[in-house]
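Inspection log for the structure reproduced underneath, given as structure tokens.
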Amino acid sequence: MTLAGSLPESGPLENIYDGQAPFRIKTTNAGEHYYVKLTHPGSTVPVVHFFIRSGGTIEADVPLGTYELKYATGKDWSDAESHFGPRTNYWKSGKRVTFSFDGNQYAGNEVQLIMQRTGNLSRTKIQKKQF
């Protein structure tokens with residue numbers, strides 16, 4: 001458990017799910033930290049959620065399914081409800097991520113939350129209530 005205001009280590013905020021498919025998230029070292037969650041389409045409730053320190057990378061196994069990728073960025077962590085306080089920026093990926101099993105192996109995803117001119121992951125700014 002992390003105290004409000006203390007910076008969590010990079011990784012899952014809760015480990016209460018049964019994950020099978022690999023998921024790797026890499027972030028930029030631009031001074032902002034990331035709160036990332038996967039939700040069922042149209043939902044705001046996280047299936048899994050992670051904290052990633054600026055410039056960090058995490059690897060975790062996540063449940064099979066198709067999800068919306070949403071993330072919040074900021075410098076000063078509050079908690080999983082307030083995120084980074086009033087200066088939090090909220091984002092939603094332009095495409096859904098799918099984790100599956102084809103009978104022989106699990107298919108996962110790798111996401112780089114690093115703005116790139118030739119990148120293939122678009123994002124849209126959203127309001128906290130959409131997060």
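How high is the relative contact order of segment 11-130, in percent, with contacts defined as C-alpha pairs under 8 Å that are six or more residues apart?
29 percent
Set the Förster radius R0 to 22 Å, insert the Cβ-Cβ distance between Asn29 and Ser6 as r into 1/(1 + (r/R0)^6), and round the FRET efficiency to 0.05.
Approximately 0.60, to the nearest 0.05.
Rounded to whole Å, give me the distance from the Cα center of segment 71-131 to that of segment 29-52.
5 Å
Once R0 is set to 30 Å, what does the formula 1/(1 + (r/R0)^6) return for the Cβ-Cβ distance between Ser54 and Ser100, expressed as a FRET efficiency to the nearest 0.05?
Efficiency for this residue pair is about 0.45.
So which residue, out of Gly31, Gly94, Gly103, gets the largest mean-square fluctuation from a GNM of the chain using Cα contacts under 10 Å as springs?
Largest GNM mean-square fluctuation: Gly103.
Report P(r) for segment 11-130: all Cα-Cα distances, bin width 10 Å, range 0 to the bin holding the largest distance, values in whole percent.
Computed distribution, short to long bins: 13, 48, 34, 5, 0.
Within the chain, count lysine pairs with alpha carbon atoms under 20 angstrom apart where the residues are 8 or more positions apart or belong to different chains.
Lysine pairs meeting both conditions in the chain amount to 27.
No lab work stands behind these numbers, since they all come straight from the coordinates. Source: prediction; values computed, not measured. Every residue, glycine among them, receives a Cβ derived from its backbone with ideal geometry; neighbour counts consider all protein chains shown.
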